[in-house]
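Written out below as C-alpha coordinates is the structure these notes cover.
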Amino acid sequence: MCGITINNQEGNYKVEDLKLKDGQRATLVKELLRKLILNKDQIHRVGEAFKDEMRAALGEQRSSLQMENTYIPELPDGTEEGTFLALDLGGTNFRVILLELARGQILKEEFKFYHISDEARLGCGIELFDYLADCVKDFMGLKEIPIDSKMPMGFTFSFPMKQHSLHSAELVTWTKSFNCPSVVGRDVVELLQQSLRKHGMKNIEVLCILNDTTGTLVEGARLDKKTRIGMILGTGSNAAFLERAERVQHWEGERHNEKHVIIDIEWGAFGDKGTIDFIRTEYDKEVDNGSLLKNSFTFEKYISGKYLGEVCRVVLRDLVDKGLLFSKASKELFPAPWKFGTDNVSHIEEDALTGSNTSTVKVFDKFNYKFNEDYDEDDIKVIQYTTALVSYRAALLVSICTAVLLNRMTEKDITIAVDGSVYKHHPRLKRWMKQLIKELAPEKEFHLMLAEDGSGKGAGLVSSIAQRISARIDETPLPTAHTVKKDHQRNHHQVNGCAKVHTNGVNGFHNGKITSAVNGHTNGYSNGH
(Lines give C-alpha, C1' and ligand atoms only; values in the text may rest on other atoms or scores of the structure.)
Protein backbone atom coordinates (compact mmCIF):
# COMPACT_ATOMS: atom_id res chain seq x y z
CA MET A 1 0.00 0.00 0.00
CA CYS A 2 1.18 3.47 -0.84
CA GLY A 3 1.25 6.27 1.66
CA ILE A 4 -1.28 9.06 1.23
CA THR A 5 -0.92 12.61 2.41
CA ILE A 6 -3.69 15.15 2.66
CA ASN A 7 -1.87 17.64 0.47
CA ASN A 8 -1.31 15.73 -2.77
CA GLN A 9 -4.69 16.32 -4.41
CA GLU A 10 -5.19 18.82 -7.18
CA GLY A 11 -7.15 22.06 -7.14
CA ASN A 12 -10.13 22.46 -4.85
CA TYR A 13 -10.21 18.73 -4.16
CA LYS A 14 -7.33 18.85 -1.72
CA VAL A 15 -7.78 19.23 2.04
CA GLU A 16 -6.55 22.76 2.56
CA ASP A 17 -4.17 23.48 5.40
CA LEU A 18 -5.81 25.33 8.27
CA LYS A 19 -4.66 28.93 8.45
CA LEU A 20 -6.23 31.31 10.98
CA LYS A 21 -5.56 34.84 12.15
CA ASP A 22 -4.48 33.30 15.44
CA GLY A 23 -1.63 30.98 14.47
CA GLN A 24 -1.50 29.32 17.88
CA ARG A 25 -5.19 28.43 17.65
CA ALA A 26 -4.64 26.87 14.22
CA THR A 27 -1.74 24.82 15.61
CA LEU A 28 -3.83 23.55 18.53
CA VAL A 29 -6.75 22.56 16.25
CA LYS A 30 -4.46 20.74 13.82
CA GLU A 31 -2.73 18.91 16.66
CA LEU A 32 -6.06 17.71 18.07
CA LEU A 33 -7.34 16.57 14.68
CA ARG A 34 -4.10 14.95 13.55
CA LYS A 35 -5.43 11.62 14.83
CA LEU A 36 -8.03 11.70 12.01
CA ILE A 37 -5.22 11.54 9.43
CA LEU A 38 -4.04 8.00 8.64
CA ASN A 39 -0.31 7.60 8.10
CA LYS A 40 1.38 5.24 5.66
CA ASP A 41 1.74 2.43 8.19
CA GLN A 42 -1.91 2.63 9.24
CA ILE A 43 -3.07 2.55 5.62
CA HIS A 44 -1.00 -0.57 5.00
CA ARG A 45 -2.28 -2.25 8.18
CA VAL A 46 -5.93 -1.58 7.33
CA GLY A 47 -5.44 -3.17 3.92
CA GLU A 48 -3.67 -6.20 5.39
CA ALA A 49 -6.36 -6.61 8.07
CA PHE A 50 -9.06 -6.55 5.40
CA LYS A 51 -7.26 -9.20 3.34
CA ASP A 52 -6.77 -11.40 6.41
CA GLU A 53 -10.43 -11.10 7.40
CA MET A 54 -11.53 -11.96 3.86
CA ARG A 55 -9.35 -15.06 3.75
CA ALA A 56 -10.58 -16.19 7.15
CA ALA A 57 -14.25 -15.76 6.27
CA LEU A 58 -13.91 -17.53 2.92
CA GLY A 59 -12.23 -20.38 4.79
CA GLU A 60 -15.10 -20.46 7.32
CA GLN A 61 -12.87 -19.25 10.12
CA ARG A 62 -13.49 -16.52 12.69
CA SER A 63 -13.83 -13.14 10.99
CA SER A 64 -15.67 -9.84 11.30
CA LEU A 65 -16.62 -10.17 7.62
CA GLN A 66 -19.48 -12.41 6.57
CA MET A 67 -18.29 -13.05 2.98
CA GLU A 68 -21.65 -14.62 2.24
CA ASN A 69 -22.02 -16.95 -0.72
CA THR A 70 -24.96 -15.61 -2.75
CA TYR A 71 -25.05 -18.67 -5.06
CA ILE A 72 -25.22 -16.31 -8.06
CA PRO A 73 -22.55 -17.80 -10.37
CA GLU A 74 -22.89 -15.46 -13.34
CA LEU A 75 -23.83 -11.93 -14.31
CA PRO A 76 -26.26 -10.58 -16.92
CA ASP A 77 -25.26 -11.57 -20.46
CA GLY A 78 -27.90 -9.79 -22.53
CA THR A 79 -30.31 -12.74 -22.82
CA GLU A 80 -32.50 -11.79 -19.84
CA GLU A 81 -36.16 -11.99 -20.85
CA GLY A 82 -39.56 -12.02 -19.20
CA THR A 83 -41.83 -10.28 -16.75
CA PHE A 84 -40.97 -10.47 -13.06
CA LEU A 85 -42.26 -9.30 -9.73
CA ALA A 86 -39.64 -7.98 -7.34
CA LEU A 87 -39.89 -7.06 -3.67
CA ASP A 88 -37.52 -4.59 -2.00
CA LEU A 89 -37.46 -4.66 1.80
CA GLY A 90 -34.81 -2.70 3.64
CA GLY A 91 -36.46 0.21 5.37
CA THR A 92 -39.79 1.49 6.60
CA ASN A 93 -40.92 1.91 2.99
CA PHE A 94 -41.35 -1.38 1.16
CA ARG A 95 -41.59 -1.61 -2.65
CA VAL A 96 -43.40 -3.99 -4.96
CA ILE A 97 -42.02 -3.81 -8.49
CA LEU A 98 -43.09 -5.12 -11.90
CA LEU A 99 -40.12 -5.47 -14.23
CA GLU A 100 -40.22 -6.37 -17.91
CA LEU A 101 -36.96 -7.48 -19.54
CA ALA A 102 -36.12 -8.12 -23.19
CA ARG A 103 -32.68 -8.93 -24.62
CA GLY A 104 -31.08 -7.88 -21.34
CA GLN A 105 -32.71 -4.45 -21.32
CA ILE A 106 -35.37 -3.10 -18.99
CA LEU A 107 -38.42 -2.28 -21.10
CA LYS A 108 -40.71 -1.34 -18.23
CA GLU A 109 -40.40 -0.80 -14.50
CA GLU A 110 -43.47 -0.01 -12.42
CA PHE A 111 -43.56 0.10 -8.65
CA LYS A 112 -45.46 1.22 -5.60
CA PHE A 113 -44.21 2.07 -2.11
CA TYR A 114 -45.99 0.73 0.96
CA HIS A 115 -45.36 2.01 4.47
CA ILE A 116 -44.53 -0.56 7.15
CA SER A 117 -46.04 0.34 10.52
CA ASP A 118 -44.27 0.08 13.87
CA GLU A 119 -46.51 -2.86 14.73
CA ALA A 120 -45.37 -4.77 11.64
CA ARG A 121 -41.68 -3.89 12.09
CA LEU A 122 -41.55 -4.73 15.79
CA GLY A 123 -44.19 -7.39 16.24
CA CYS A 124 -44.85 -10.92 15.10
CA GLY A 125 -42.79 -11.96 12.11
CA ILE A 126 -45.67 -13.85 10.54
CA GLU A 127 -47.74 -10.66 10.57
CA LEU A 128 -44.91 -8.81 8.84
CA PHE A 129 -44.76 -11.32 5.99
CA ASP A 130 -48.53 -11.46 5.78
CA TYR A 131 -48.48 -7.69 5.35
CA LEU A 132 -45.90 -8.00 2.54
CA ALA A 133 -48.18 -10.51 0.83
CA ASP A 134 -51.13 -8.11 1.26
CA CYS A 135 -49.07 -5.42 -0.50
CA VAL A 136 -48.28 -7.80 -3.38
CA LYS A 137 -51.96 -8.63 -3.71
CA ASP A 138 -52.88 -4.93 -3.73
CA PHE A 139 -50.23 -4.16 -6.33
CA MET A 140 -51.40 -6.95 -8.61
CA GLY A 141 -54.92 -5.58 -8.34
CA LEU A 142 -53.74 -2.10 -9.30
CA LYS A 143 -51.91 -3.52 -12.32
CA GLU A 144 -54.89 -5.76 -13.16
CA ILE A 145 -52.80 -8.92 -12.85
CA PRO A 146 -54.89 -11.92 -11.73
CA ILE A 147 -53.57 -13.28 -8.42
CA ASP A 148 -53.40 -16.77 -9.93
CA SER A 149 -51.04 -15.57 -12.67
CA LYS A 150 -47.90 -17.63 -13.00
CA MET A 151 -45.26 -15.09 -12.00
CA PRO A 152 -41.59 -15.46 -10.98
CA MET A 153 -40.40 -13.21 -8.16
CA GLY A 154 -37.11 -11.89 -6.81
CA PHE A 155 -36.76 -10.78 -3.18
CA THR A 156 -34.32 -8.04 -2.17
CA PHE A 157 -33.91 -8.39 1.59
CA SER A 158 -31.29 -5.94 2.86
CA PHE A 159 -30.51 -7.46 6.24
CA PRO A 160 -27.66 -9.79 7.28
CA MET A 161 -28.56 -13.33 6.28
CA LYS A 162 -27.03 -16.77 5.93
CA GLN A 163 -27.73 -18.11 2.47
CA HIS A 164 -28.25 -21.81 1.82
CA SER A 165 -29.02 -21.46 -1.88
CA LEU A 166 -30.06 -18.91 -4.44
CA HIS A 167 -33.58 -18.99 -3.01
CA SER A 168 -33.05 -19.87 0.66
CA ALA A 169 -31.63 -17.66 3.41
CA GLU A 170 -32.12 -17.39 7.14
CA LEU A 171 -32.06 -14.05 8.91
CA VAL A 172 -28.97 -13.54 11.09
CA THR A 173 -30.09 -10.34 12.77
CA TRP A 174 -32.44 -7.45 12.19
CA THR A 175 -30.89 -4.00 11.74
CA LYS A 176 -32.16 -0.46 11.22
CA SER A 177 -35.66 -0.10 12.72
CA PHE A 178 -36.80 -3.74 12.44
CA ASN A 179 -37.02 -6.23 15.27
CA CYS A 180 -39.29 -9.25 14.88
CA PRO A 181 -37.44 -11.78 17.07
CA SER A 182 -39.44 -14.79 15.88
CA VAL A 183 -37.96 -14.43 12.37
CA VAL A 184 -34.29 -14.58 13.42
CA GLY A 185 -32.82 -17.92 12.35
CA ARG A 186 -35.72 -18.70 10.01
CA ASP A 187 -35.80 -18.97 6.23
CA VAL A 188 -37.28 -15.66 5.08
CA VAL A 189 -38.02 -16.94 1.58
CA GLU A 190 -40.06 -19.77 3.05
CA LEU A 191 -41.96 -17.32 5.25
CA LEU A 192 -42.70 -15.06 2.28
CA GLN A 193 -43.74 -17.99 0.10
CA GLN A 194 -46.12 -19.26 2.80
CA SER A 195 -47.74 -15.84 3.18
CA LEU A 196 -48.16 -15.45 -0.59
CA ARG A 197 -49.92 -18.80 -0.80
CA LYS A 198 -52.06 -18.02 2.24
CA HIS A 199 -53.27 -14.94 0.39
CA GLY A 200 -54.20 -16.90 -2.73
CA MET A 201 -51.05 -16.26 -4.78
CA LYS A 202 -50.07 -19.90 -5.17
CA ASN A 203 -48.46 -19.51 -8.58
CA ILE A 204 -45.92 -16.89 -7.53
CA GLU A 205 -42.54 -18.53 -7.01
CA VAL A 206 -39.68 -16.75 -5.22
CA LEU A 207 -36.69 -17.64 -7.38
CA CYS A 208 -33.96 -15.72 -5.59
CA ILE A 209 -33.04 -13.68 -2.55
CA LEU A 210 -30.34 -11.01 -2.50
CA ASN A 211 -29.48 -7.72 -0.83
CA ASP A 212 -29.19 -4.23 -2.31
CA THR A 213 -25.40 -4.46 -2.68
CA THR A 214 -25.57 -7.64 -4.74
CA GLY A 215 -28.35 -6.03 -6.76
CA THR A 216 -26.13 -3.01 -7.43
CA LEU A 217 -23.38 -5.30 -8.78
CA VAL A 218 -25.85 -7.14 -11.03
CA GLU A 219 -27.46 -3.93 -12.30
CA GLY A 220 -23.97 -2.51 -12.85
CA ALA A 221 -23.04 -5.54 -14.94
CA ARG A 222 -26.13 -4.98 -17.07
CA LEU A 223 -24.96 -1.43 -17.75
CA ASP A 224 -21.27 -2.27 -18.17
CA LYS A 225 -19.97 -5.80 -18.81
CA LYS A 226 -16.68 -4.98 -17.05
CA THR A 227 -18.42 -4.58 -13.68
CA ARG A 228 -17.01 -6.90 -10.99
CA ILE A 229 -17.68 -4.92 -7.80
CA GLY A 230 -20.88 -3.47 -6.37
CA MET A 231 -20.89 -0.97 -3.52
CA ILE A 232 -23.38 0.92 -1.37
CA LEU A 233 -22.26 4.21 0.19
CA GLY A 234 -25.38 5.57 1.78
CA THR A 235 -26.99 5.46 5.21
CA GLY A 236 -25.19 2.14 5.54
CA SER A 237 -22.32 0.69 3.54
CA ASN A 238 -21.42 -2.67 2.03
CA ALA A 239 -19.72 -4.22 -1.00
CA ALA A 240 -20.05 -7.35 -3.12
CA PHE A 241 -17.76 -8.75 -5.79
CA LEU A 242 -17.34 -11.61 -8.23
CA GLU A 243 -15.00 -14.15 -6.63
CA ARG A 244 -13.37 -17.31 -7.90
CA ALA A 245 -15.57 -20.20 -6.80
CA GLU A 246 -12.53 -22.29 -5.86
CA ARG A 247 -11.78 -19.83 -3.04
CA VAL A 248 -15.19 -20.26 -1.43
CA GLN A 249 -15.46 -23.10 1.10
CA HIS A 250 -19.04 -22.53 2.22
CA TRP A 251 -21.14 -24.17 -0.47
CA GLU A 252 -24.24 -26.15 0.43
CA GLY A 253 -25.26 -28.74 -2.13
CA GLU A 254 -23.10 -30.11 -4.91
CA ARG A 255 -20.78 -27.94 -6.96
CA HIS A 256 -21.04 -28.08 -10.72
CA ASN A 257 -17.79 -26.58 -11.94
CA GLU A 258 -18.86 -23.01 -11.24
CA LYS A 259 -16.03 -20.66 -12.09
CA HIS A 260 -17.25 -17.69 -10.10
CA VAL A 261 -19.83 -16.64 -7.55
CA ILE A 262 -20.92 -13.28 -6.17
CA ILE A 263 -19.75 -12.78 -2.59
CA ASP A 264 -21.58 -10.38 -0.29
CA ILE A 265 -18.83 -9.05 1.98
CA GLU A 266 -20.96 -7.30 4.64
CA TRP A 267 -18.02 -4.99 5.29
CA GLY A 268 -19.95 -2.71 7.62
CA ALA A 269 -18.84 -4.99 10.46
CA PHE A 270 -15.16 -4.97 9.42
CA GLY A 271 -13.15 -4.33 12.57
CA ASP A 272 -15.75 -5.65 15.02
CA LYS A 273 -13.10 -8.09 16.30
CA GLY A 274 -10.71 -5.21 17.07
CA THR A 275 -8.56 -5.63 13.98
CA ILE A 276 -8.56 -1.90 13.08
CA ASP A 277 -8.67 -0.42 16.58
CA PHE A 278 -5.30 1.22 15.82
CA ILE A 279 -7.13 3.93 13.83
CA ARG A 280 -9.83 4.45 16.44
CA THR A 281 -9.95 7.84 18.12
CA GLU A 282 -11.77 9.00 21.23
CA TYR A 283 -14.23 10.63 18.85
CA ASP A 284 -15.03 7.26 17.28
CA LYS A 285 -15.42 5.70 20.71
CA GLU A 286 -17.92 8.39 21.70
CA VAL A 287 -19.95 7.85 18.53
CA ASP A 288 -19.96 4.10 19.14
CA ASN A 289 -21.03 4.50 22.77
CA GLY A 290 -23.94 6.69 21.72
CA SER A 291 -25.10 4.42 18.91
CA LEU A 292 -27.94 1.89 19.01
CA LEU A 293 -25.56 -0.84 17.85
CA LYS A 294 -22.67 -0.45 20.26
CA ASN A 295 -19.49 -2.46 19.58
CA SER A 296 -20.73 -3.47 16.13
CA PHE A 297 -20.71 -2.16 12.55
CA THR A 298 -17.28 -0.67 13.28
CA PHE A 299 -16.28 0.11 9.68
CA GLU A 300 -19.69 1.57 8.86
CA LYS A 301 -19.24 4.08 11.68
CA TYR A 302 -16.21 5.54 9.89
CA ILE A 303 -17.75 5.82 6.44
CA SER A 304 -21.56 5.77 6.25
CA GLY A 305 -24.20 8.45 6.13
CA LYS A 306 -25.76 7.24 9.35
CA TYR A 307 -22.63 8.20 11.29
CA LEU A 308 -20.48 10.76 9.42
CA GLY A 309 -22.52 13.71 10.65
CA GLU A 310 -22.29 12.52 14.23
CA VAL A 311 -18.51 12.00 13.96
CA CYS A 312 -18.17 15.62 12.80
CA ARG A 313 -20.49 16.84 15.56
CA VAL A 314 -18.47 15.04 18.25
CA VAL A 315 -15.19 16.50 16.94
CA LEU A 316 -16.65 20.00 16.75
CA ARG A 317 -18.09 19.66 20.25
CA ASP A 318 -14.62 18.83 21.57
CA LEU A 319 -13.26 21.98 19.90
CA VAL A 320 -16.08 24.01 21.48
CA ASP A 321 -15.32 22.56 24.92
CA LYS A 322 -11.64 23.46 24.50
CA GLY A 323 -12.46 27.04 23.50
CA LEU A 324 -11.25 26.57 19.94
CA LEU A 325 -14.62 27.02 18.23
CA PHE A 326 -17.70 29.24 18.77
CA SER A 327 -16.04 31.01 21.70
CA LYS A 328 -18.46 33.96 21.34
CA ALA A 329 -21.61 31.83 21.17
CA SER A 330 -23.75 30.20 23.82
CA LYS A 331 -22.96 26.51 24.18
CA GLU A 332 -26.69 25.88 24.32
CA LEU A 333 -26.88 26.51 20.57
CA PHE A 334 -24.64 23.57 19.71
CA PRO A 335 -26.49 20.62 18.09
CA ALA A 336 -27.56 17.80 20.42
CA PRO A 337 -26.27 14.25 19.83
CA TRP A 338 -27.44 12.73 16.54
CA LYS A 339 -29.01 16.02 15.41
CA PHE A 340 -26.23 16.99 12.99
CA GLY A 341 -26.96 14.89 9.90
CA THR A 342 -24.51 13.91 7.19
CA ASP A 343 -26.43 16.12 4.77
CA ASN A 344 -24.91 19.05 6.69
CA VAL A 345 -21.44 17.65 6.05
CA SER A 346 -22.11 17.52 2.31
CA HIS A 347 -23.41 21.10 2.30
CA ILE A 348 -20.35 22.39 4.18
CA GLU A 349 -18.08 20.50 1.78
CA GLU A 350 -19.69 22.37 -1.14
CA ASP A 351 -17.96 25.51 0.09
CA ALA A 352 -14.58 23.83 -0.39
CA LEU A 353 -15.31 23.70 -4.13
CA THR A 354 -16.66 27.24 -4.45
CA GLY A 355 -14.29 28.93 -2.04
CA SER A 356 -17.23 30.55 -0.27
CA ASN A 357 -18.86 30.31 3.14
CA THR A 358 -22.47 30.40 1.94
CA SER A 359 -23.43 26.76 2.54
CA THR A 360 -21.70 26.62 5.93
CA VAL A 361 -23.58 29.71 7.11
CA LYS A 362 -26.88 28.18 5.93
CA VAL A 363 -26.17 24.99 7.88
CA PHE A 364 -25.56 26.85 11.13
CA ASP A 365 -28.50 29.16 10.53
CA LYS A 366 -30.62 26.06 11.13
CA PHE A 367 -29.16 25.84 14.64
CA ASN A 368 -29.81 29.54 15.30
CA TYR A 369 -26.18 30.66 15.09
CA LYS A 370 -25.79 34.22 13.79
CA PHE A 371 -22.79 34.85 11.55
CA ASN A 372 -20.58 37.78 12.67
CA GLU A 373 -22.32 37.69 16.03
CA ASP A 374 -21.92 34.14 17.36
CA TYR A 375 -19.05 33.13 15.07
CA ASP A 376 -16.71 34.49 12.42
CA GLU A 377 -14.76 33.44 9.33
CA ASP A 378 -12.07 31.68 11.36
CA ASP A 379 -14.76 29.54 13.03
CA ILE A 380 -15.99 28.63 9.55
CA LYS A 381 -12.46 27.60 8.53
CA VAL A 382 -12.23 25.31 11.58
CA ILE A 383 -15.61 23.75 10.74
CA GLN A 384 -14.66 23.21 7.11
CA TYR A 385 -11.29 21.74 8.07
CA THR A 386 -13.05 19.28 10.39
CA THR A 387 -15.63 18.09 7.86
CA ALA A 388 -12.89 17.76 5.25
CA LEU A 389 -10.73 15.52 7.46
CA VAL A 390 -13.63 13.29 8.50
CA SER A 391 -14.85 13.03 4.90
CA TYR A 392 -11.37 12.36 3.54
CA ARG A 393 -10.77 9.62 6.12
CA ALA A 394 -14.02 7.96 5.00
CA ALA A 395 -12.99 8.16 1.34
CA LEU A 396 -9.56 6.73 2.18
CA LEU A 397 -10.92 3.77 4.16
CA VAL A 398 -13.38 2.86 1.41
CA SER A 399 -10.60 3.20 -1.16
CA ILE A 400 -8.25 0.91 0.77
CA CYS A 401 -10.78 -1.92 0.80
CA THR A 402 -11.78 -1.30 -2.81
CA ALA A 403 -8.13 -1.47 -3.86
CA VAL A 404 -7.75 -4.79 -2.05
CA LEU A 405 -10.64 -6.18 -4.11
CA LEU A 406 -9.18 -4.83 -7.36
CA ASN A 407 -5.73 -6.20 -6.61
CA ARG A 408 -7.03 -9.75 -6.05
CA MET A 409 -8.51 -9.79 -9.59
CA THR A 410 -6.44 -10.51 -12.69
CA GLU A 411 -8.50 -8.30 -14.99
CA LYS A 412 -6.74 -5.03 -15.69
CA ASP A 413 -9.85 -2.96 -16.42
CA ILE A 414 -12.72 -3.20 -13.94
CA THR A 415 -15.88 -1.19 -13.36
CA ILE A 416 -17.15 -0.58 -9.84
CA ALA A 417 -20.90 -0.01 -9.60
CA VAL A 418 -21.84 2.32 -6.74
CA ASP A 419 -25.10 3.57 -5.29
CA GLY A 420 -26.09 5.42 -2.13
CA SER A 421 -26.79 8.93 -0.88
CA VAL A 422 -23.28 9.67 0.40
CA TYR A 423 -21.72 8.73 -2.93
CA LYS A 424 -24.30 10.73 -4.87
CA HIS A 425 -24.43 13.86 -2.72
CA HIS A 426 -21.03 14.37 -1.10
CA PRO A 427 -19.30 16.84 -3.45
CA ARG A 428 -15.73 15.55 -3.05
CA LEU A 429 -16.00 11.88 -2.11
CA LYS A 430 -16.06 10.48 -5.63
CA ARG A 431 -13.03 12.50 -6.76
CA TRP A 432 -11.06 11.49 -3.68
CA MET A 433 -11.91 7.83 -4.26
CA LYS A 434 -10.69 8.02 -7.85
CA GLN A 435 -7.39 9.51 -6.75
CA LEU A 436 -6.85 7.21 -3.79
CA ILE A 437 -7.82 3.94 -5.48
CA LYS A 438 -5.49 4.82 -8.36
CA GLU A 439 -2.60 5.22 -5.93
CA LEU A 440 -3.48 2.09 -3.95
CA ALA A 441 -4.06 -0.10 -7.03
CA PRO A 442 -1.65 1.48 -9.55
CA GLU A 443 -1.67 -1.44 -11.99
CA LYS A 444 -5.44 -1.36 -12.47
CA GLU A 445 -7.66 0.61 -14.77
CA PHE A 446 -11.00 1.16 -13.08
CA HIS A 447 -14.16 3.16 -13.49
CA LEU A 448 -16.57 4.26 -10.75
CA MET A 449 -20.08 4.09 -12.18
CA LEU A 450 -23.33 5.17 -10.57
CA ALA A 451 -25.79 2.23 -10.74
CA GLU A 452 -29.03 3.37 -9.18
CA ASP A 453 -31.79 1.16 -7.84
CA GLY A 454 -29.96 -2.15 -7.90
CA SER A 455 -32.23 -3.16 -5.02
CA GLY A 456 -35.21 -3.16 -7.40
CA LYS A 457 -33.75 -3.94 -10.80
CA GLY A 458 -31.29 -6.48 -9.41
CA ALA A 459 -34.05 -8.72 -8.05
CA GLY A 460 -35.66 -9.02 -11.48
CA LEU A 461 -32.33 -9.56 -13.23
CA VAL A 462 -31.26 -12.29 -10.81
CA SER A 463 -34.66 -13.98 -11.26
CA SER A 464 -33.97 -14.15 -14.98
CA ILE A 465 -30.47 -15.50 -14.34
CA ALA A 466 -32.03 -18.18 -12.09
CA GLN A 467 -34.33 -19.20 -14.93
CA ARG A 468 -31.40 -19.43 -17.33
CA ILE A 469 -29.43 -21.61 -14.93
CA SER A 470 -32.39 -23.90 -14.33
CA ALA A 471 -33.03 -24.28 -18.03
CA ARG A 472 -29.54 -25.73 -18.42
CA ILE A 473 -30.27 -28.34 -15.77
CA ASP A 474 -33.82 -29.33 -16.48
CA GLU A 475 -35.66 -29.25 -19.79
CA THR A 476 -38.67 -27.79 -18.03
CA PRO A 477 -38.16 -24.04 -17.47
CA LEU A 478 -38.82 -22.12 -14.31
CA PRO A 479 -42.18 -20.32 -13.95
CA THR A 480 -42.47 -17.31 -16.23
CA ALA A 481 -45.27 -14.93 -16.96
CA HIS A 482 -46.56 -17.51 -19.47
CA THR A 483 -45.47 -20.92 -18.18
CA VAL A 484 -45.26 -22.81 -14.96
CA LYS A 485 -43.08 -25.76 -14.11
CA LYS A 486 -44.74 -29.13 -13.55
CA ASP A 487 -44.46 -30.56 -10.10
CA HIS A 488 -41.62 -33.04 -9.64
CA GLN A 489 -41.27 -35.86 -7.20
CA ARG A 490 -38.73 -34.86 -4.60
CA ASN A 491 -37.23 -36.26 -1.44
CA HIS A 492 -36.89 -33.72 1.37
CA HIS A 493 -34.65 -33.91 4.37
CA GLN A 494 -33.71 -31.37 7.02
CA VAL A 495 -30.27 -29.80 7.27
CA ASN A 496 -29.86 -27.25 10.07
CA GLY A 497 -33.62 -26.75 10.02
CA CYS A 498 -33.78 -25.88 6.30
CA ALA A 499 -35.36 -28.07 3.65
CA LYS A 500 -32.88 -29.61 1.20
CA VAL A 501 -34.06 -31.26 -1.97
CA HIS A 502 -32.50 -33.73 -4.36
CA THR A 503 -33.85 -33.83 -7.89
CA ASN A 504 -32.24 -35.25 -11.02
CA GLY A 505 -29.02 -35.73 -9.09
CA VAL A 506 -28.66 -32.01 -8.28
CA ASN A 507 -28.55 -30.88 -4.66
CA GLY A 508 -30.38 -27.78 -3.56
CA PHE A 509 -33.11 -27.92 -6.23
CA HIS A 510 -36.39 -26.82 -4.68
CA ASN A 511 -39.74 -25.80 -6.17
CA GLY A 512 -38.18 -25.59 -9.61
CA LYS A 513 -35.30 -23.42 -8.37
CA ILE A 514 -31.65 -24.18 -8.13
CA THR A 515 -28.73 -23.68 -5.80
CA SER A 516 -25.93 -23.37 -8.32
CA ALA A 517 -24.92 -23.55 -11.97
CA VAL A 518 -23.69 -26.57 -13.89
CA ASN A 519 -21.11 -27.21 -16.58
CA GLY A 520 -19.13 -24.16 -15.47
CA HIS A 521 -21.20 -21.86 -17.66
CA THR A 522 -20.24 -18.28 -16.80
CA ASN A 523 -21.39 -16.22 -19.79
CA GLY A 524 -18.06 -14.63 -20.56
CA TYR A 525 -17.06 -14.05 -16.93
CA SER A 526 -14.78 -17.06 -16.66
CA ASN A 527 -11.44 -15.31 -16.95
CA GLY A 528 -9.32 -13.69 -14.39
CA HIS A 529 -10.01 -13.51 -10.70
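The values are calculated or read from the model by the stated rules, or taken from the named source; none is laboratory data. These figures come from a predicted structure and were not determined experimentally. Because the Cβ atoms are built from the backbone with ideal geometry, glycine has one as well, and the counts that use them run over all protein chains shown. These area figures cover heavy atoms from the full protein model, side chains too; ligands, DNA and RNA do not enter into them. Shrake-Rupley method; radii C 1.70, N 1.55, O 1.52, S 1.80 Å.
As an exercise, use a Förster radius of 45 Å and the Cβ-Cβ distance of E332 and H250 to find the FRET efficiency, rounded to the nearest 0.05.
Using R0 = 45 Å, I get an efficiency of 0.25.
Sorted by accessible area (1.4 Å probe), largest first, how do S177, S455 line up?
S177, S455
Per residue, how large is the accessible surface of the chain? Use a 1.4 angstrom probe and give square angstrom.
It amounts to 40 Å² per residue over the chain.
Could you check the simple spin-label distance between R197 and R280, using points 7 Å along Cα→Cβ, in nm with one decimal?
If labels sit at R197 and R280, their model points lie 4.7 nm apart.
Of all accessible surface on the chain at a 1.4 Å probe, what whole percent is carbon and sulfur?
46
Hey, what do the phi angles of segment 66-81 turn into as Karplus ³J(HN,Hα) couplings, whole Hz, using 6.51/-1.76/1.60 and θ = phi - 60°, x for Gly and Pro?
Each residue's phi maps through the Karplus curve to give 7, 6, 6, 6, 8, 6, 9, x, 7, 10, x, 10, x, 9, 5, 9 Hz.
Say the cut-off is 21 Å between C-alpha atoms; which of K225/K259; K225/K306; K14/K285; K306/K457 go over it? Let's see the in-between values first.
Values: K225/K259 17 Å; K225/K306 32 Å; K14/K285 27 Å; K306/K457 24 Å.
Correct reply: K225/K306; K14/K285; K306/K457.
Arranged from highest to lowest average of other beta-carbon atoms within 10 Å per residue, in what order do the peptides 89-95, 234-240 appear? All intermediate terms of the calculation are to be shown ahead of the outcome.
On the way: 89-95: 17.7, 234-240: 24.7.
For the peptides 89-95, 234-240, the packing ranking is 234-240, 89-95.
Nearest 5 is fine: what % of DSSP beta bridges in the chain come out antiparallel, could you say?
65
Scan (1) 90, 59, 51; (2) 81, 48, 40; (3) 68, 59, 43 for the value of Cα extents along the principal axes in Å calculated from this model and give just the label.
For Cα extents along the principal axes in Å, the calculated option is (2).
Tell me, what is a quarter of the convex hull surface for the C-alpha atoms of segment 1-125, in nm² with one decimal?
On the way: hull surface 64.2 nm².
If you wrap the Cα atoms of segment 1-125 in a convex hull and average its projections, you get 16.0 nm².
Find the centroid of the Cα atoms in segment 324-350 and in segment 269-293, then give the distance between the two in whole Å.
Centre-to-centre distance over Cα atoms comes out at 22 Å.
Relative contact order, percent, of the chain when contacts are C-alpha pairs under 8 Å separated by at least 6 residues?
Values: 1065 pairs, mean separation 110.9, N = 529.
Dividing the mean separation by the residue count of the chain yields 21 percent.
So how far, in whole Å, is the C-alpha centre of segment 10-40 from the one of segment 297-319?
18
Mind grabbing the accessible area of F297 for me, 1.4 Å probe, Å², rounded to tens?
We get 40 Å² for F297.
Are any of the pairs K30/K301; K30/K381; K412/K438; K40/K273 more than 20 Å apart by Cα-Cα distance, and if so, which?
In this structure, K30/K301; K40/K273 exceed 20 Å between Cα atoms.
Which value, in Å² rounded to 10, gives the accessible area of F367 with a 1.4 Å probe and all protein chains present?
The accessible area comes out at roughly 40 Å².
Remind me, relative contact order of segment 170-327 in percent, using alpha carbon pairs under 8 angstrom and six or more residues apart?
15
Give the peptides 325-334, 58-67 in descending order of average Cβ contacts within 10 Å, highest first.
58-67, 325-334
State to the nearest 20 debye the size of the charge dipole of segment 347-485 about its Cα centre, where the only charges are +1 on K and R beta carbons and -1 on D and E beta carbons. Present the calculation step by step, with values, prior to reporting the outcome.
On the way: 18 positive and 20 negative charges, 141 e Å.
The calculation lands at about 680 debye.
Taking a ≥ b ≥ c as the square roots of the eigenvalues of the Cα gyration tensor of segment 49-183, is the shape rounded (a/c under 1.5), prolate (a/b larger than b/c) or oblate?
Details: a/c = 2.55, a/b = 1.27, b/c = 2.01.
Here segment 49-183 falls in the oblate category.
Roughly how big is segment 40-183's charge dipole about its Cα centre, with Cβ charges of +1 (Lys, Arg) and -1 (Asp, Glu), in debye to the nearest 20?
The dipole of segment 40-183 has a size of about 360 debye.
Rounded, prolate or oblate for segment 201-347? Axes are the square roots of the Cα gyration tensor eigenvalues, ordered a ≥ b ≥ c, and the cut-off for rounded is a/c under 1.5.
Since a/c reaches 1.5 and a/b is larger than b/c, the shape of segment 201-347 is classed as prolate.
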